[in-house]
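Okay, structure first, notes after.
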Amino acid sequence: MEKTDILSLSLEELEQLLIAAGEKKFRAKQIFQWLHVKRVMNFDKMTDISVQLRQHLKENFCINGLFMQKRLESAIDNTVKYLYRLSDGNFVETVLMDYNYGKSICVSTQVGCKMGCNFCASAIAGFVRSLEPSEILMQIYETERDAGTRVSGVVLMGIGEPLDNFDNVLKFLSLLSDKNGNNLSLRHVALSTCGIVPRIYKLADMKLQLTLSVSLHSPYNDKRSEIMPVNRTYNIDELMKACRYYIDKTGRRITFEYAVIDNVNSSDKDADRLAALLRGMNCHVNLIPVNRVKERNYKTARSGVADFAKRLGQRGINATVRRTLGSDIEAACGQLRRDAGSKGGTDN
């Protein structure tokens, strides 16, 4: 009999299953807190429930853990990158980042990515599957356990497209913010998407109060379609309409991610067009020096990013240059998983 992934269950779902098994409803809350507050990985450690109930849990449920395959710590800025092995042998990456306001964690939502953005290493090793809610959540729990600290912010900006794993990501967010468990406000969560328009509308209607980050990377449809294939399905006009809807529905500012790539999207004309596209929106532009990926020839001159930001600012667009973290440990998503896969998962 296949066991139920207990870490992916909401408190209400756990209550229903325990009541059906003849247990009292309050037992579910005890178990939920053992899992999400005390973070135990063994049912036998749940000492305030009966031996019989613990045995029932062992027979019917599993705790879906991760296994640390590799840990790289930056000598520059305290960034730590983790390669986690899943129970089926696949790999995901997680990055712990140190900011003045506290620790922030970047988690993956899929094994690989379908989106095929040309400048990103995540898609190079191919898409395998979406992650379960527990597998996203455990990236936080295991990283906090290793670091000996709690994170103050979460970004869904690792491997995968979160809105392509919509239901599991929503379940993860519900578990993450449950007041009986981890209890992290979704105002401290940022979700990054390449622009799956129908899911942006659905997310807006839910009014979750998280920060939406949209990968834009070009203000021109032909160029954006070339570097981001999703634009062939949902073009810039459709995307901007959905973004405005999100802002109106939630009252939240949107962040537009823009990887500045030399001779691709970094000209004065690109800056002028981008400023015209975003003028009047409650938004912020996060300019990113493109990460070097050995399979791609893309590069960024740091001075070019600063000039691009200055030109946007002169046209009334709030833009900043993202601080590059973990450059000495390949902190860009996808690089460790790609290398692990090419070596048959034998990294140590």
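Using unit Cβ charges (K, R positive; D, E negative) and no other charged atoms, how large, in debye to the nearest 20, is the dipole of segment 4-62 about its Cα centre?
Result for segment 4-62 is approximately 240 debye, rounded to the nearest 20.
Amide H of VAL214 versus every other amide H placed in the peptide plane: which residues, excluding those fewer than 5 positions away on the same chain, fall under 5 Å?
THR193, THR255, PHE256, GLU257
With a 10 Å radius around each residue's Cβ, average the other Cβ atoms per peptide and rank 249-262, 126-139, 64-77, highest first.
Final packing ranking: 126-139, 249-262, 64-77.
Could you line up CYS120, CYS283 from fewest to most neighbouring Cβ atoms inside 10 Å?
CYS283, CYS120
For the Cα atoms of the chain, what angle does the longest principal axis make with the long axis of helix 26-36, in degrees from 0 to 90, nearest 10?
The angle comes out at about 50 degrees.
Using alpha carbons only, what's the Rg to Rh ratio of segment 4-62 with Rh from Kirkwood?
My calculation of the ratio gives 0.89.
Give the Cα extents of segment 103-185 along the principal axes, in whole Å, largest first.
38, 26, 17
Based on other C-beta atoms within 10 Å, arrange SER87, SER8 from fewest to most. Kindly include the intermediate steps, with their values, before the conclusion.
Values: SER87 13, SER8 18.
Ranking SER87, SER8 by Cβ neighbours within 10 Å, fewest first, gives SER87, SER8.
Count the DSSP beta bridges whose two residues both fall in the chain, then state the antiparallel fraction as a percent rounded to the nearest 5.
That works out to approximately 40 percent antiparallel.
Quick one: which residues, 5 or more positions from SER266 or on another chain, have an amide H under 5 Å from its amide H? H modelled 1.01 Å from N in the peptide plane, none for Pro or chain starts.
Residues meeting the criterion, in which the H sits 1.01 Å from N, are ILE261.
Please list, or write none, the aspartates and glutamates whose alpha carbon is within less than 16 Å of the alpha carbon of LYS45, excluding same-chain residues fewer than 8 places away.
Within the straight-line cut-off, LYS45 pairs with GLU59.
Summarise the long-distance tail of P(r) for the chain by giving the % of C-alpha pairs beyond 33 Å.
Here the tail beyond 33 Å accounts for 30 percent of pairs.
Kindly rank 99-111, 220-232 from highest to lowest mean number of other beta carbons found within 10 Å of each residue. Can you show the working numbers first?
Numbers: 99-111: 19.5, 220-232: 17.1.
My ranking of the peptides, most packed first, is 99-111, 220-232.
For LYS114, go through the aspartates and glutamates and keep the ones whose alpha-carbon is under 18 Å away, minus same-chain ones fewer than eight residues off.
Partners within reach: GLU93, GLU132, GLU161, ASP164, ASP167, GLU226, GLU295.
Rule-based calculations on the coordinates, nothing more; no lab input. These numbers come from a predicted model, not from an experiment. Note that each Cβ is placed from the backbone with ideal geometry, even for glycine, and that neighbours are counted across all protein chains shown.
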